[in-house]
Amino acid sequence: MPESSPSPAPNSAARGAPLQGVRVLDLTRLLPGPMCTLHLGDLGADVIKVEDTGEGDYAAEAVRTLVNRNKRAIRIDLKQPAGVAALLRLCEQADVLVEGFRPGVMDRLGVGYSAVARQPADCLLQPERLRPDRPVPRCPGA
C-alpha cells in the first residue's frame, strides 16, 4: 500500500488549549504510548498517528477507538526509502516524536535519533523502560 497523507485535523482541540499549535508524531502501539499521545491530543496537540502499511495498529478495535481519538492518521512503510523520506518530511513540521520500538529499531529503519535530530523537532520521546541499560531492555509495547 503506498504512503498516504494525514487525514484532516480533528475538530476536538479547543481554542486556547495548552498544546494548541504543537504537532506530535505518534509511532507507538499497544497502550502506554498511544495513551500518552491521546493525552497530548486532549490538551490540544495535533497528533498524527503513523502506522505501518501492514498490520497497522494491531490492538483490539475498542482499544484503538479509545486511544486514537483526537488523532489524524497516516500509513507509511518505514522499510522503504520513500517511507523514511516521508517520515523525515513530517519531522520537519513536528515538535514532538513519540516512539515505542525496541532499542535499535528506529536506527535500523534509518529514522533513529541521529536522523531525526537533524530535523527541527523539539522533542523525541522514547519510553524509559525500553532503554538498553534497563533491566528489561528489549520489551516492546510502550
Against the definition (at pLDDT below 90 and either more than 12 Å from the chain's Cα centre (by Cα) or assigned to a loop (DSSP other than H, G, I, E, B) (or both)), how does G16 come out, yes or no?
yes
Going through region 92-106 in order, the residues found to be in contact with a Lys or Arg (Cβ under 8 Å, 6 or more places away or on another chain) and closer than 16 Å to L30 by Cα are G100, R102
Flagged in region 41-58 as of a type in the set (A, V, I, L, M) and either closer than 21 Å to R89 by Cβ or in contact with a Phe, Trp or Tyr (Cβ under 8 Å, 6 or more places away or on another chain) (or both), in numbering order, are A45, V47, I48, V50
Scanning region 26-42 residue by residue, those buried (at least 24 other Cβ atoms within 10 Å of the Cβ) and in contact with a helix residue (DSSP H, G or I) (Cβ under 6 Å, 6 or more places away or on another chain) turn out to be D26, T28, P34
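The values are calculated or read from the model by the stated rules, or taken from the named source; none is laboratory data. As the structure is a prediction and not an experimental result, all values here were calculated from the model. Please note: Cβ atoms are built from the backbone with ideal geometry, for glycine as well, and neighbour counts cover all protein chains shown.
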